[in-house]
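The values are calculated or read from the model by the stated rules, or taken from the named source; none is laboratory data. Quick caveat: nothing in here was measured; it's all calculated off a predicted structure. Here the Cβ is made from the backbone with ideal geometry for all residues, glycine too, and neighbour counts use every protein chain on show.
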Amino acid sequence: MKFGIGQSKDRDTVKAGEIATNQALSSLKEKPDFIILFASIFFDVEKLVSSVFTTSKKTPMIGCTTSGEILNDITFGSVIVVAVKCEEDEEIKPVFIEDIHNEPRKLAGELADLEKRDGFFMFFADGLFSHGSVLVRGINDYLSPKIKLIGSLAGDDLKRERTYQFYQGRVLTNGLSGAFFITKSKVKVGLRHGFYPISHPMRVTVSRENTIYEIDNHRASKVYLEFLGLSELDTAFGNVVDVKEVRHSPIGIPQITGDYKIREFIDIRDDGSIILDSFVPEGNIIRILGCSSQSLISSSNELVLDILSEIKPKIAFLFPSYSRMLILSDSAKDEIYEIKSIFGDNVSIVGFYGYGEIGSLRTRRSDFHNKSIGILAIE
């Protein structure tokens with residue numbers, strides 16, 4: 001596959017779409033088969049998608065809104081267009097679902113008819129969808145293990161009010177936009193986070209879907225907050241994810257590989273229950289995790305080196321968590337700079353910060369994650 005990339009920070013929505021699309025087409029130097037669009041919600045998304053779709057002469061399209069765009073650097077309030085050209089015997093099949101909240105497994109049915117050929121499935125779902133693990137597992141049920149999954153939940157500049165997904169010139173919300181890439185190019189997908197356990201193992205004794213009511217037979221919020229040296233009054237006012245100790249100390253589910261699958265906090269309720277970004281089954285062992293700027297950046301560097309040990313990519317798609325950016329603060333740019341430095345000048349890096357990551361954490365199959373960074377590298 002060949003790629004052309006364009007970006008615009010023009011404040012006029014229509015012009016921004018035209019500029020970014022024309023740059024991508026110009027750098028590709030041939031008619032694209034596909035367009036991937038990442039954009040800030042600063043723009044009028046209806047006008048923006050129409051502008052990109054028209055400028056690209058109605059080239060098939062997927063994409064979504066973001067909480068920070070990446071093109072060899074971190075930017076905010078920009079439009080990024082990636083134009084893709086398939087080689088002989090390569091193909092891209094767009095897929096979408098309009099309402100993943102009511103029918104999270106419907107997409108898996110859409111994928112059931114796909115050919116069992118090597119490739120990867122890149123997709124972007126509604127950022128406020130709270131059952132990401134169910135969605136990913138449903139997709140995995142219908143796909144060959146050879147097919148790699150990568151993607152992110154869409155963002156909305158950290159407002160957490162409404163996110164948008166783009167598909168074939170249309171704007172969706174509560175939906176999913178994706179594409180199955182059948183390619184002969186070498187592809188590597190990976191995910192890391194850099195968090196480590198700081199508590200003893202604990203058991204989820206009462207939970208339902210993405211809500212934990214009791215940990216070790218005690219009120220969940222009391223157990224969690226007391227470990228961090230906080231009381232329930234510390235989270236009684238405002239958004240719980242704005243409390244530094246909470247943001248830096250998620251709940252981790254131990255994996256057979258020795259890693260921890262992270263679950264992001266959404267809220268702590270008056271009844272002492274903890275609401276997370278995806279399921280934590282009753283009976284699961286969990287641990288409270290911690291991190292440092294060094295541990296987070298080192299983990300992404302490790303992932304890049306792992307990728308480079310197997311392939312020599314031309315382009316790398318980055319899908320880091322918005323929460324990771326908030327934790328790193330000014331060091332967030334350092335993480336992107338180091339990734340770019342290790343990949344080298346000949347590799348373009350492009351992507352965005354989102355509300356949940358889909359990727360493979362040292363396992364064969366992908367899953368849903370939080371506070372992580374997923375990377376898709378294509379040779």
TODO: Mind listing just one residue for me: the one in segment 324-379 that is small (G, A, S) and in a strand (DSSP E or B) and, of those, nearest to E310 (Cα to Cα)?
DONE: A377
Open item on the list: Go through segment 118-170 and report how many residues are under 13 Å from the mean Cα position of the chain (by Cα), closer than 20 Å to T75 by Cβ and aromatic (F, W, Y).
Closed with: 1
- [ ] Looking only at segment 334-341, decide whether some residue is assigned by TED's automatic domain parsing to the domain that holds I139 and farther than 18 Å from S298 by Cα.
- [x] no
Open item on the list: more than 30 Å from P94 (Cα to Cα), of a type in the set (V, I, T) and touching a Ser or Thr at 6+ places or on another chain (Cβ under 6 Å): which single residue out of T211, T163 fits that description?
Closed with: T211
- [ ] Please determine, by comparing only the residues of segment 69-125 that are assigned to a strand (DSSP E or B) and of a type in the set (D, E), which one is modelled with the lowest pLDDT.
- [x] E91
- [ ] Considering each residue of segment 33-43, count those that are surrounded by fewer than 23 Cβ atoms within 10 Å (Cβ to Cβ) and assigned to a loop (DSSP other than H, G, I, E, B), and give that number.
- [x] 3
Open item on the list: Can you name every one of the strands (runs of 3 or more DSSP E) wholly within segment 266-322 that holds 1 or more residues which are buried (at least 21 other Cβ atoms within 10 Å of the Cβ), outside the structural domain of S152 (by TED's automatic domain parsing) and not acidic (D, E)?
Closed with: 274-276, 285-290
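The rows are residues; the columns are (1) under 24 Å from the mean Cα position of the chain (by Cα); (2) in a helix (DSSP H, G or I); (3) in the same structural domain as I62 (by TED's automatic domain parsing); (4) at pLDDT below 95.
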site	(1), (2), (3), (4)
G6	yes, no, yes, no
D10	no, no, yes, no
T21	yes, yes, yes, no
L25	no, yes, yes, no
TODO: For segment 52-61, enumerate the residues that are in contact with a Gly (Cβ under 6 Å, 6 or more places away or on another chain) and either surrounded by fewer than 24 Cβ atoms within 10 Å (Cβ to Cβ) or part of a strand (DSSP E or B) (or both).
DONE: F53
